[in-house]
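The values are calculated or read from the model by the stated rules, or taken from the named source; none is laboratory data. These numbers were taken from a predicted model, which means no experiment stands behind them. Positions of Cβ are backbone-derived with ideal geometry, glycine not excepted, and every protein chain shown enters the neighbour counts. Heads up: the accessible areas ignore ligands, DNA and RNA and are worked out on the full protein's heavy atoms, side chains in. Shrake-Rupley method; radii C 1.70, N 1.55, O 1.52, S 1.80 Å.
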Amino acid sequence: MAFDSLSSRLQGILKKIRGQAKITEKNIDDMLVEVRRALLEADVNYKVVQEFVEDVKNQAIGQKVIQSVSPSQMIVKIINDKLAELLGEGDNEIHFARTGVTSIMLVGLQGTGKTTSAGKLANMYKKEGKKVLLVAGDVYRPAAIDQLIQLGEQIGVQVYSDRSGTSPVEIAKKAYFKAQKENYNIVIIDTAGRLEIDETLMKELQDIETSIPLNEELLLVDALAGQNAVNVAKEFHTKVHLTGIIMSKLDSDARGGAALSIKKISGLPIKFAGVGEKIEDIETFHPDRMASRILGMGDVVSLVEKAQENLDQEKAVKATKKIMSGNFGIDDIVNLLHQIRRLGPLGKLITMLPGMPKINSDQVEQGEKNINIIEVISNSMTPKERKNPDIIKANRKIRIAKGAGRSVQDVNRVIKSYEMLRDNIKKMNPMMRNMIAAQAKKGGENK
């Protein structure tokens, strides 16, 4: 999962400083030595790490964290804000044309996933009600044209292609004029990649730039490439007018060095993240939300947005408020589990919940199996027991277990899991609650 290694390290470091009876400048220095080591081990650029650590220290000392009401939480907030800044907080939105056609060109080295990402973007915008035209601009690989056509058929989006030997520049021009004439909202141009950056590739991209008005030029980079991805972004940006990054395989990058370095080094914001192989596995990149997830504070905004695709807004907001209040029952958990199966992989969703412990792939698989057990046990409870599990004592547990065809130990595990989630949320520091509440409010306003 994305940032897992770094996330575990940083959460462990911050847990130690939360446990300090008194925060001193030495505590902060010792913490930052560990933070620096964790970032370097995550393959974050050395200069970026140095600047990050200095910024955190200067702000911590400058704000007199040591004398604040909750110094450890103030440090967490500073690191959260600086991580969001490092990930590229600011201009992460796509700039659409005010009128007419919005044109997006995808560029990058061979094998970074341009064609697949073109299909993913087209699918995302089609779901938003946009009329999208895909353009097969990689004329050097017939398989790329075939792949794009297949993706277009899969999602119901038209693909403009030309196998007659027409140049990619002419193909882009003709596709753009077609989009204007037929009232398309968005044109997405898939271009050829190379095994390495060369003048022929760059000249072709530069010619497309001058032949049609481009709203966005997005560079595809592979998160697993680490600092090589950062170097590619920097070099591409010296040749063509890039506006942002699509980072593929971010879900597979446990370290996160590329994502944490690329904005600072190249100046380019990450605008989208590829998070899986399915056509819907692309997400708008939100630095503030990702920073919160790295530090174990969840991502309530994204969770609410996913829920809103399956629930009406009133239900989604109500459910979020109830969970965050800490006053919920097993029936609320079961209702959430019903939605989980429709919202995505369990492991990914758990990272969005504040206060939840880290889990590995084996635990995720076991968790999927346990969902059925939880539902069966819940169905064996009375409505009163589901709403208030605290009343479930020994005799009730035996009855519930028999009715569910499970053991008393299974019933105990369900109740213990409920209590752990409830207690984690109730124990959450007020500052952290306020940060999450602000995120949730922002997410609702964006909808």
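Taken along the Cα-to-beta-carbon direction at a fixed 7 Å, the label points for Lys126 and Tyr46 span 4.8 nm.
Tell me the carbon and sulfur percent of the accessible area for the range 113-180, rounded to whole percent, probe radius 1.4 Å. Walk me through the intermediate numbers first.
Details: 1450 of 3000 Å².
C and S atoms contribute 48 percent here.
Can you flag which of Lys126/Lys178; Lys114/Lys203; Lys174/Lys263; Lys16/Lys47; Lys57/Lys249; Lys114/Lys239 are past 23 Å Cα-Cα?
Lys174/Lys263; Lys16/Lys47; Lys57/Lys249
Label sites at Phe177 and Lys416, each approximated as a point 7 angstrom past Cα along Cα to Cβ, lie 7.1 nm apart. Ranking Lys120, Lys22 from most to least accessible surface, computed with a 1.4 Å probe over the protein chains only, gives Lys22, Lys120.
Distance between Cα centroids, the range 201-217 to the range 117-155: provide it in whole Å. Between the Cα centres of the range 201-217 and the range 117-155 lies a distance of 19 Å.
Express in nm, to one decimal, how much length is gained between Ile373 and His95 on full extension, taking 0.36 nm for each residue of separation and deducting their alpha carbon distance.
Details: separation 278, 0.36 × 278 = 100.08 nm, distance 4.68 nm.
The Ile373-His95 span can extend by a further 95.4 nm.
If a/c stays under 1.5 just call it rounded; otherwise compare a/b with b/c (prolate if a/b is bigger, oblate if not). Do that for the range 89-210, with a ≥ b ≥ c from the square roots of the Cα gyration tensor eigenvalues. Mind showing how you got there, number by number?
Values: a/c = 1.37, a/b = 1.26, b/c = 1.08.
Verdict is rounded for the range 89-210.
With a Förster radius of 22 Å, plug the Cβ-Cβ distance of Ser407 and Asp331 into 1/(1 + (r/R0)^6) and report the FRET value to the nearest 0.05. Working shown, then result.
On the way: r = 22 Å, r/R0 = 0.99.
Once rounded, the FRET efficiency stands at 0.50.
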